[in-house]
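Encoded as structure tokens, the structure appears first; notes follow it.
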Amino acid sequence: MAEFTDNKRITDYTSQLETLSSAIPVHVQDAVKQLKASYFQHVDDLFVRYDNTGSAPSALVYIHTIVNSNILERDLLPYLNQAIEHEDTDRELFDRLKQCIPIGQIKQTTDMAQVAYMLLQGEAVLFIEGETNAYLFQTKLVYQRAIEEPSTEPSTSGAKEGFNESLDTNVALLRQRIRTPLFKNKKYTIGNLTQTRVVVAYIESVANPAIIEELEKRIGTVELDALQSSHQLLEFIQDRQYSLFPLMAKTERTDRIVHHLLNGGFAIIVDGTPFTIYGPINFLELLHAPDDYNFSAWAGTFFRMLRFTAMLISIFMPSLYVALSSFHPDLLPTFLTYSIIAGRERVPFPSIVEVLLMEGTFEILREAGIRLPKIVGSTISIVGALVIGESAVSAGIISPQMVIIVSITAICSFTIPNYSLGIGLRVIRFIFILLAGFLGFFGIVFGMMFLYLHLTGLKSVGAPYLTPVAPFRRKEMRDTLLRYPAPKLNSYSEYLAEDSSRLRFPDSPQTPPNRK
Amino acid sequence: MDLSDKMTPLQAAGLLALLIATQNYIFAPAIMARFAHEDMWISSLLAASAAFLFCLYAVWLAGQFPNRTLIQFLSFLLGRWAGKAIGILYLGYFICLTVIYVQTLATSFKTLFLPMTPLIVFIVLIVLFCMYGAAQGIIVLGKMSTLVILALLVTLLLLFAGTLPSVEMTNYLPIGENRWSNTFYASLFNLTSFTQSIVITMLFAFVPSDKMKYAKKYVVWGSMLTFGVTSLIVIEEVGVFSPNQLELLTFPTVELITLFNFGTFFERVETIFVSVWGAAMFLVIGILFTSCLTAIRHLLGRSDGSDSKWLVLLFGAVILFLSLFYLNNTQKLSYFMLHYWTYLSLVFQVGIPLLLGLACLIARRRMSYADNANA
């Protein structure tokens, strides 16, 4: 067996295994011995069932932890003996196996490396005395969670189905909703050790071919030992590695992915995770919720505006408080200034320290709440709200206004539908607090312009991140902060779609009978 | 891969409008009032009209050499060495303009809101922004411009509408009492800011050729709107403060903002207005900084590609150094702006461009004679 060396990557080792490929010995015992010696030394879940009762001795080999024992006991073992006839030629034997054994997929190979690879995929392998072919049976055991409503992205009136960890199920969920041969899904295998299956899905002639080509190029260059999550892949293929903002998004919701694919985007499904990557995205799209399309256009627009305002409050409120109380108290009405001064009378710290203290404590509480078991999590919120908040005010460490500001900021930050964006904005909030604490409004203006510049310069697989605001696209504003009625949303995005001049439906949709 | 690597006509117009919309109401009204007195509104209108004509001319000149910046077409028009020499002079002018804008932003915030903060802090942050902007490229700055110019113009119109009740019509009377030479002279101070539209010769190269027709239209109308809105503020200031009071003010527009009341809640909103102006100034400085780098690149004969990190860093250090030691307080800055810069800038903004237009026409005629002779 090939040995690891210190200065080698695991890829060197796996490629060494691939070169071990050799012909399958004609004797069953030798074949099994070679398989174990070359690939499966110290692999105790590899099972070998020898059978000498039939017309030719044979051995059925499988890894019992990943094969479906029902299929094995019910569909394979009872039929093996009658299928094997020593006098058969290779061709006849293969045909007979396919006729006698009620398993959908039966293959043959003469390559031992292929045998080892397929065993790891959950297939059972049959060696027959005197045969240089091995026969592979699809007996894979699929562990999978039921299709449930995504807990991280609930919807009040939308679909209740979310992806699970099985790639095949996830592709099937999309297929069920997009019943056209134009729906394409290309498979890749990433990870030398994990051999993780990845699927890129898009709708041909709707998606921009330049974007799909670029995406495939990026995925093609990813070479790593283990791919364990969709976010890991995302970091390899997104346009910038150090940005705080998500340049491709992830979701558990099938309806969100379907909506995105129909708009000309792509989805990347990674086996073993319910979080599917989609892109290209723009910043404002991250503030959309699936429910926006399930209520009236007015309600959809109102909720989007509300979320946008809440996002601005969550970023700027603490820094504005610091700037106003430290540098520009004259901006506030006199009675409010007196109230703030009275509240801060006993507080020994400058407002920046006060804000950092409270925001820092809140972030620690939030992190602790996520890490703790659910039952204990509520205790943390009680401790946070009552003990720390109340006690800190009565002890004169923070002002009552500060508690209000931190609470409003926290509540506003919870309205952001995209969790990754929420995390990025939390970091940015601290940067703004520091800028405001040292430079007042100048610091905030500097930070805002820097942030605006950064966001404008970002791209999601080549598409501008801040579109349709910068660059300004009037037509596309119909589905950003605003949500026009569905009959008005008949154009495709300039960057996402292959042909943005094409319409989704005729310009004047059929008028319902009662409106004629 | 970049799916939006060209500047749209709207973005080019936005960039130029920003450049025009940020300076003429800062220091100029005080000295205009000193010369034109009650007729200052006439000076302002004269400046806006002349600026509009000049903008048409600058657009025509830039349109003569599509896909070429000013520095590139100087060599094309005047020959390699004369072109390079004038190009270097223009680089100096752009650097000077950048430093002036850096100082205007830094000293305004320092004087008005943060007197205890050292000037270097402001300058370092502004240069950092410029360097990041240059790294992102002029196209990204162009994308930003549309929203920022909209915010600035709305803010200026809001200021105008909000302080209109404070205008005393008697401050505009009597009309025509002042000497016309003084009225014309006063208009030069406003014209200096407006004729910065010559910078369009550095921006048009980034607009695709097939969009040039729209770009010219957008730039002319965008500039006209900006001339109009900013002139309204200058004219309003005479009506609010009277010429005698106006000529004593260092930041007349900030004083105007103090008269703006938003109900009874916000009592002094100058911080908000100045912040919007500050945001626009950041972008303007970014544009000038990037234009300087483009000029350097073209002088070095590199026509495409982005600026190298080292060039950006080095140029950032130069601007930082110049800004630290040159016009580093409000008095020095306003004195320089009103007594030297007005005349110096007119040479670069009007004088040389007019000569270039003439050279362009002569070159055209020679080429057509040569074509006829060949035929």
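What's the number of the only condition in (1) assigned to a helix (DSSP H, G or I); (2) within 13 Å of chain B (Cβ to nearest Cβ) that A:Leu425 fails to meet?
Going through (1) assigned to a helix (DSSP H, G or I); (2) within 13 Å of chain B (Cβ to nearest Cβ) one by one, A:Leu425 breaks only (2).
Would the stretch A:438-461 turn up any residue that is in a strand (DSSP E or B), touching a residue at least 40 places away in the same chain (Cβ under 8 Å) and open to solvent by less than 10 Å² (accessible area, probe 1.4 Å)?
Yes, the stretch A:438-461 contains at least one residue that is in a strand (DSSP E or B), touching a residue at least 40 places away in the same chain (Cβ under 8 Å) and open to solvent by less than 10 Å² (accessible area, probe 1.4 Å).
Of the conditions (1) among the small types (Gly, Ala, Ser); (2) in contact with a Pro (Cβ under 7 Å, 6 or more places away or on another chain); (3) more than 27 Å from A:Glu216 (Cβ to Cβ), A:Ala463 satisfies every one except a single condition; which number is it?
Answer for A:Ala463: the failing condition is (3).
Answer with yes or no whether B:Ser231 is within 17 Å of B:Leu53 (Cβ to Cβ), at pLDDT 85 or above and open to solvent by less than 20 Å² (accessible area, probe 1.4 Å).
Yes.
Would you mind stating whether A:Leu312 is within 19 Å of A:Tyr452 (Cβ to Cβ) and out of contact with any Ser or Thr (no Cβ under 9 Å at 6 or more places or on another chain)?
So A:Leu312 passes the test.
From the list A:Val32, A:Val61, A:Val48, pick out the single residue that is in a helix (DSSP H, G or I) and at pLDDT 90 or above.
After ruling out the rest, the residue left standing is A:Val32.
Hey, among the residues in the stretch B:34-70 that are part of a helix (DSSP H, G or I) and aromatic (Phe, Trp, Tyr), which one's farthest from the chain's Cα centre (by Cα)?
So, considering only residues that are part of a helix (DSSP H, G or I) and aromatic (Phe, Trp, Tyr), the one farthest from the chain's Cα centre (by Cα) is B:Phe35.
Taking the stretch A:31-47, which residues are touching a residue at least 12 places away in the same chain (Cβ under 8 Å) and surrounded by fewer than 16 Cβ atoms within 10 Å (Cβ to Cβ)?
Hits for the stretch A:31-47 are A:Ala37, A:Gln41, A:Val43, A:Asp45, A:Phe47.
Which members of the stretch A:229-241 meet the condition of being part of a loop (DSSP other than H, G, I, E, B) and out of contact with any Ser or Thr (no Cβ under 7 Å at 6 or more places or on another chain)?
Across the stretch A:229-241, the qualifying residues are A:Gln238, A:Arg240, A:Gln241.
Of A:Glu367, A:Glu345, which residue is acidic (Asp, Glu), within 19 Å of A:Gly422 (Cα to Cα) and loosely packed, with under 14 Cβ neighbours inside 10 Å?
A:Glu367
Any idea how many residues of the stretch A:275-305 are over 23 Å from A:Ala159 (Cβ atoms) and either of a type in the set (Lys, Arg) or more than 14 Å from chain B (Cβ to nearest Cβ) (or both)?
So the answer is 1.
Please specify each residue of the stretch A:210-228 satisfying the condition of being among the β-branched types (Val, Ile, Thr) and either touching a strand residue (DSSP E or B) at 6+ places or on another chain (Cβ under 9 Å) or in a loop (DSSP other than H, G, I, E, B) (or both).
A:Ile211, A:Ile212, A:Ile219, A:Val222
Rundown of residues vs (1) in a helix (DSSP H, G or I); (2) within 11 Å of chain A (Cβ to nearest Cβ); (3) touching a strand residue (DSSP E or B) at 6+ places or on another chain (Cβ under 8 Å), yes/no style:
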residue	(1), (2), (3)
B:Thr111	yes, no, no
B:Ala135	yes, yes, no
B:Leu141	yes, yes, no
B:Thr146	yes, yes, no
B:Leu164	yes, no, no
B:Glu177	no, no, no
B:Ser187	yes, no, no
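So A:Arg346 clears everything in (1) in contact (Cβ under 8 Å) with a residue 40 or more places away in the chain; (2) more than 14 Å from chain B (Cβ to nearest Cβ); (3) not in a loop (DSSP other than H, G, I, E, B) except one condition, right? Which one?
Going through the list (1) in contact (Cβ under 8 Å) with a residue 40 or more places away in the chain; (2) more than 14 Å from chain B (Cβ to nearest Cβ); (3) not in a loop (DSSP other than H, G, I, E, B), A:Arg346 breaks only (3).
Name the pairs: first residue in the stretch A:469-491 and among the small types (Gly, Ala, Ser), second residue open to solvent by 60 Å² or more (accessible area, probe 1.4 Å), Cβ to Cβ under 7 Å, at least 6 apart or on different chains?
So the pair list comes out as A:Ala470/B:Leu147; A:Ser491/A:Lys475; A:Ser491/A:Leu503.
Would you point out which residue out of B:Asn67, B:Asn171 is touching a Pro at 6+ places or on another chain (Cβ under 8 Å), more than 11 Å from chain A (Cβ to nearest Cβ) and open to solvent by 10 Å² or more (accessible area, probe 1.4 Å)?
The unique qualifying residue is B:Asn171.
Okay, residues lined up against (1) crowded, with 16+ Cβ neighbours inside 10 Å; (2) within 17 Å of the chain's Cα centre (by Cα); (3) not assigned by TED's automatic domain parsing to the domain that holds A:Thr456:
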site	(1), (2), (3)
A:Arg197	yes, yes, yes
A:Ser205	no, no, yes
A:Leu233	yes, yes, yes
A:Ile237	yes, yes, yes
A:Gln241	no, yes, yes
A:Thr254	yes, yes, yes
A:His259	yes, yes, yes
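Out of the residues in the stretch B:276-311 that are away from chain A (no Cβ under 14 Å) and among the β-branched types (Val, Ile, Thr), state the one that is farthest from B:Tyr132 (Cα to Cα).
So, considering only residues that are away from chain A (no Cβ under 14 Å) and among the β-branched types (Val, Ile, Thr), the one farthest from B:Tyr132 (Cα to Cα) is B:Ile296.
Quick check on the stretch A:80-88. Is at least one of its residues closer than 13 Å to A:Val125 by Cα and in the same structural domain as A:Glu131 (by TED's automatic domain parsing)?
Yes, the stretch A:80-88 contains at least one residue that is closer than 13 Å to A:Val125 by Cα and in the same structural domain as A:Glu131 (by TED's automatic domain parsing).
Please state which of the following conditions B:Leu141 fails to meet, knowing it meets all the rest: (1) under 20 Å from the mean Cα position of the chain (by Cα); (2) free of Cβ contacts under 8 Å to residues at least 60 places away in the same chain.
Every condition holds for B:Leu141 apart from (2).
Is it fair to say A:Tyr465 is surrounded by fewer than 20 Cβ atoms within 10 Å (Cβ to Cβ), within 30 Å of the chain's Cα centre (by Cα) and under 20 Å from A:Ala289 (Cβ atoms)?
The answer is no for A:Tyr465.
The values are calculated or read from the model by the stated rules, or taken from the named source; none is laboratory data. Predicted model, so just to flag it, every value in this text is computed and none were measured. Neighbour counts are summed over all protein chains in view; Cβ atoms, including those assigned to glycine, are modelled from backbone coordinates with ideal geometry. The protein model used for the area step is the full one, side chains on, heavy atoms only, and it has no ligands, DNA or RNA in it. Shrake-Rupley method; radii C 1.70, N 1.55, O 1.52, S 1.80 Å.
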